[in-house]
1. Within the set of pairs 6 or more residues apart or between chains, which connect a residue that is on the phi < 0 side of the Ramachandran plot and open to solvent by 70 Å² or more (accessible area, probe 1.4 Å) inside the range 39-65 to a residue that is of a type in the set (S, T, N, Q) and in a helix (DSSP H, G or I) with Cβ atoms less than 7 Å apart?
2. With respect to Glu34, determine if the residue is of a type in the set (Asp, Glu) and open to solvent by 80 Å² or more (accessible area, probe 1.4 Å).
3. Among the residues that make up the range 11-26, is at least one of them at pLDDT 70 or above and open to solvent by less than 90 Å² (accessible area, probe 1.4 Å)?
Amino acid sequence: MIELAFTFMKYLLTITAILIATTGLRAQEKSYYENLVGEGNRDFEDEQYNLATQFYQEAMTFDVNNPVVDYRLAECYRHTF
């Protein structure tokens, strides 16, 4: 019985460690994503559309469901072609 409890605790500890590790990674990804969008927005406002395009394209690799980034990327294309 003690052996079963020890195995369960070991399993629970492993799962907890994995969850903590992946949560930290997602927080880092979110921060990086927000920085990309922020840089893209800054360049967009400065009418540096080629530079903004690069930041928005990179941001889209993390989240394709942001309509603001999608719209601004389209506007960058419109202004550069």
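The values are calculated or read from the model by the stated rules, or taken from the named source; none is laboratory data. Please read these numbers as outputs of a predicted model, since none were measured by experiment. Every residue, glycine as well, gets a Cβ built from its backbone with ideal geometry; the counts of neighbours run over all protein chains shown. Quick note on the areas: whole protein, heavy atoms, side chains included, nothing else; ligands and nucleic acids left out. Shrake-Rupley method; radii C 1.70, N 1.55, O 1.52, S 1.80 Å.
1. Close Cβ pairs (under 7 Å, with a partner that is of a type in the set (S, T, N, Q) and in a helix (DSSP H, G or I)) amount to Asn50/Thr80.
2. Details: of a type in the set (Asp, Glu): yes; open to solvent by 80 Å² or more (accessible area, probe 1.4 Å): yes.
Against the criterion (of a type in the set (Asp, Glu) and open to solvent by 80 Å² or more (accessible area, probe 1.4 Å)), Glu34 qualifies.
3. For the range 11-26, residues at pLDDT 70 or above and open to solvent by less than 90 Å² (accessible area, probe 1.4 Å): absent.
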